[in-house]
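The values are calculated or read from the model by the stated rules, or taken from the named source; none is laboratory data. What you see is a predicted model, and the numbers here were worked out from it, not measured in a lab. FYI the Cβ positions are ideal-geometry reconstructions off the backbone, even for glycines, and counts take in every protein chain you see. Note: accessible area is taken over every heavy atom of the protein model, side chains too, but ligands, DNA and RNA are not part of it. Shrake-Rupley method; radii C 1.70, N 1.55, O 1.52, S 1.80 Å.
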Amino acid sequence: MKKKSVFVDLFYLNTALTGIKTYMSEFCEAVKENPSDEISYIFSHDPEKQMRSNFYKGNVAYWKKLLYHIHYFMWKQIILPIKFKQSGADILLCFDFIAPAWPLSAKKLVVIHDAFFWQMPKNYNRFWRAYFIPLIYAGLRGQSIVVTTSISSKKALEKHTKLKQIIEVIYQCPKLLPEAKQAFGKLADKYGIAPKSYFLHVGSFDKRKMIPTLVTAFSIIEKKYQGRFSLLLVGERGLSKGLDDYDNVIQTINEKNIGQQVKVTGFLSDEEVKLLYLNAFAYVFPSSNEGFGIPIIEAMANKIPVIISNQEALLEIAGEAALIHEIGNAIALSEKMCSLIENEYLITELIEKGNKRCLDFNRSSFLRNFEDLFKRI
């Protein structure tokens, strides 16, 4: 029987950050680890080389940003359709919201990770939205299927968008962080922390992450257990001025006078993040809106208890393996943090539940669900 051929668009790996980067890179690793007798893959770019490309990354000049947008548009609308046609593939898979506007003579699978552009318009430049959202819809012309990351995300897309396509839910897997070659002591000395003495948050400083709520909750912890715990905030500034909440976070830290106990680390390597997970007292995820919530599974896999907000996607992914607080309620969050401090049995219980829950999210099931979809098409 002839193998079904899937052309995988990896162009966006040269600038992708956080969740989408993990989604794309883990798919590539899953394909490498799980060869199929029924599906063959054609990658548009070498994944490792594309991730290492730094020309467009970071705080680049305006002309580079403009050049990237032109390059991206040319790739999606001209180069990719030509390469796809030349490949003879049966299916085109695009991970980054956008597919070519051409109604290709094959199926297009487009991953739309969340409904943020529609749900939170104030967080995005209106000119950017006026360009990007029509581009999403244009890419779905022809035979297309939308894939998203959770049932919660599917409901949001159905509620807030004009998508007419079938929406399939495929749970992703977290990044398998590499074992650290360095000792925890170096990080401990750098940030003035000790094992199991800090609450951890990993992610960008986007407004929807509700990091000021976490800082306020921690200030209550600091008053009650003075000097006993720290809060580590790992990650970069928000992806745009409209999204960025960094200055507000720093202002909240200063207002609460807890600068000695709150450590803002900026970007850290995967090895360093792995060490921080392994040695954290607990992971806290107070976000107001997520499509999935990768850090939940990363924290559970590294055997630390997790506290989440009652945001729908986080509840879906965590199952019964996390403590839950009301979105934006710093007092309620501090109470959950206190309950962990005061109850060792609760910590053990959550770690055990987390160990079981994280087994549901792995590379093989991630790829298998995609391949089941490919076969059904």
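In a DSSP loop and with at most 16 other Cβ atoms within 10 Å, the GluC sites (Glu not before Pro) in the stretch 141-188 are Glu179. With loop membership from DSSP and a limit of 16 other Cβ atoms within 10 Å, the longest segment of the chain without chymotrypsin sites (Phe, Trp or Tyr not before Pro) is 57-224. Entry comment: accessible area of the chain is 46 Å² per residue, from protein heavy atoms only and a probe of 1.4 Å. Full extension of the chain between Asn310 and Glu255 gives 17.1 nm of extra length, using 0.36 nm per residue less the Cα-Cα distance. Just the protein heavy atoms count here, and of the accessible area of the stretch 245-377 at 1.4 Å, carbon and sulfur take up 46 percent.
If you filter the stretch 313-350 for GluC sites (Glu not before Pro), then keep DSSP loop positions with at most 15 other Cβ within 10 Å, what is left? Sparse-neighbourhood loop GluC sites (Glu not before Pro): Glu320, Glu326. Rounded to the nearest 5, the antiparallel percentage of DSSP beta bridges internal to the chain is 5%.
Ligands, DNA and RNA left out, the 1.4 Å accessible surface of the stretch 90-216 is 56% carbon and sulfur atoms. Tell me the carbon and sulfur percent of the accessible area for the stretch 1-71, rounded to whole percent, probe radius 1.4 Å. Solvent-exposed carbon and sulfur of the stretch 1-71 make up 57 percent of the total.
Model label sites at Ile377 and Ser269, defined 7 Å from Cα along the beta-carbon direction, differ in position by 3.8 nm. The label point for Trp128 and the one for Glu344, both projected 7 Å from the Cα toward the Cβ, are 4.8 nm apart. Here r is the Cβ-Cβ distance between Glu48 and Gln226 and R0 is 35 Å; the resulting FRET efficiency, rounded to 0.05, is 0.15. Available extension along the chain between Asp247 and Asn59 is 66.0 nm, counting 0.36 nm per residue and deducting the alpha carbon span. Net charge dipole, the chain: roughly 1220 debye, given to the nearest 20, about the Cα centre with Cβ charges of +1 for Lys and Arg and -1 for Asp and Glu. Amide H to amide H, with H built 1.01 Å from N, Ser144 comes under 5 Å of Lys108, counting only residues 5 or more places away or on other chains. Using Cα atoms only, what is the angle between the long axis of helix 62-74 and the major principal axis of the chain, expressed in degrees (0 to 90) to the nearest 10? The helix 62-74 is inclined about 40 degrees to the chain.
The trypsin sites (Lys or Arg not before Pro) of the stretch 230-332 that DSSP puts in a loop, and whose beta carbon has at most 16 other beta carbons within 10 Å, are Lys241, Lys303.
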